[in-house]
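Note sheet for the following structure.
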Amino acid sequence: MSSTLFSSMKYSDSLTVVGISICTAIVCEAISWLLIYRTSSYKSLKSTIDKASKKLETMKTTDPSTATLVKKSKTKKIDRVESSLKESSRDLSMFKFKSGGVVALVLFVVFGLLNSLFEGKPVAKIPFVPIKLVQKMSHRGLSGDDMTDCSMAFLYFLCSISIRTNLQKFLGFSPPRGAAGAGLFPMPDPKSN
Amino acid sequence: MRERKSVKFNLQQQQQQEDQNGHLSPFKLAKLFDPDASWDKDQLGDVLHWIRQALALLCGLLWGAIPLVGGIWFLLFVVLSSGVIYGYYALILKIDEEEFGGHGALLQEGLFASVSLFLLAWILVYSLAHF
């Protein structure tokens, strides 16, 4: 009965894309845990960054009554901690980059597989007409002028961002807030991809 | 006049040091609505993140089921979720945003992931339920 319901839905392929994305996210995080997160180097770097970030926040709390001489030495200390934080963040990025190649390969293979399965076929319907910039991805490989047709690439992109970011957050694998690069649009940790 | 509450980082660090077992105090649900609770930056960031994700999922499912069609509903979601987050930390928790990096830092917590999740839920429900 469930297979009949599944096959009767016009856009049932979207569920396949989501299902594969979920499995891929779990596999990628498992690989990342094996190669990155459980190592002592990663734990030590993360701890250093967390401590330096918190120390920096405390030091940046300014006291208006502080004498000029004390302020100058405090500024120097802040600069030292900031440099140390940047260096640790850079080391963390380099460390993850070296180990992230395997995960990148998995993602490449999965995307290739999905592409071969769903190329030229809309897998979902978008309930609005996306802006021109987004259409390049949302209508990628599709024929026709209906810009509300959703390509596999766009759906996979949405799955990747939402599922992997939240999975990393849930498992505690998100990059530390004090690390460089955690800006306005925090993506799933790219170095573990 | 809005009451502002500043977070005492030094006091929190002292409390952590005094803890015999070296563990943090258990995070209580009541703290989510307690304007007198003190917040760690990471804790607050995580709470705001998950509130945004829950809102995104709820709105996506709802928008897709009705269905609501048109780009205006996307903008409405962004405004609504930002408004809820702002209302939560400013009016319920009465947080001093300067202690946490300003309104920008608080409002962008989980924003990108929540927009993606909202779009994913909206598109999926709309496609599966109405075609």
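Read-outs throughout are calculated quantities, based only on the coordinates presented, and are distinct from any laboratory measurement. No experiment lies behind these values; they were computed from the predicted model shown. In this analysis, Cβ positions are derived from the backbone assuming ideal geometry, glycine residues included, and neighbour counts consider all displayed protein chains.
Which pairs break 22 Å Cα to Cα here: A:43/B:41; A:43/A:96; B:31/B:94; A:46/A:98; A:77/B:94; A:86/B:31?
A:77/B:94; A:86/B:31, as the Cα separations exceed 22 Å there.
What is the mean projected area of the alpha carbon convex hull for the range B:26-130, to one decimal in square nanometres?
Across all orientations, the range B:26-130 yields a mean hull projection of 7.0 nm².
If we count other beta carbons within 10 Å of each Cβ, what is the order of A:163, A:26, fewest first?
A:26, A:163
Sequence neighbours fewer than 8 away in the same chain don't count; with that in mind, list the aspartates and glutamates whose C-alpha is under 16 Å from residue A:74.
Straight-line reach from residue A:74, under 16 Å: A:57, A:63, A:82.
What FRET efficiency do you get for residue A:106 and residue A:135 if R0 is 25 Å and r is their Cβ-Cβ distance, rounded to the nearest 0.05? Before the final figure, lay out each step's value.
Values: r = 28 Å, r/R0 = 1.14.
In this case the efficiency is close to 0.30.
For the pair residue B:130/residue B:38, report the inter-label distance in nm, with labels modelled 7 Å from Cα in the Cβ direction.
5.0 nm
Within the range A:89-155, list the trypsin sites (Lys or Arg not before Pro) lying in a DSSP loop whose Cβ has at most 16 other Cβ atoms in a 10 Å radius.
A:140
Binning at 5 Å from 0, report for the range A:107-159 what percent of all alpha-carbon pair distances ends up in each bin.
Reading upward from the zero bin: 4, 23, 34, 22, 11, 5, 0.
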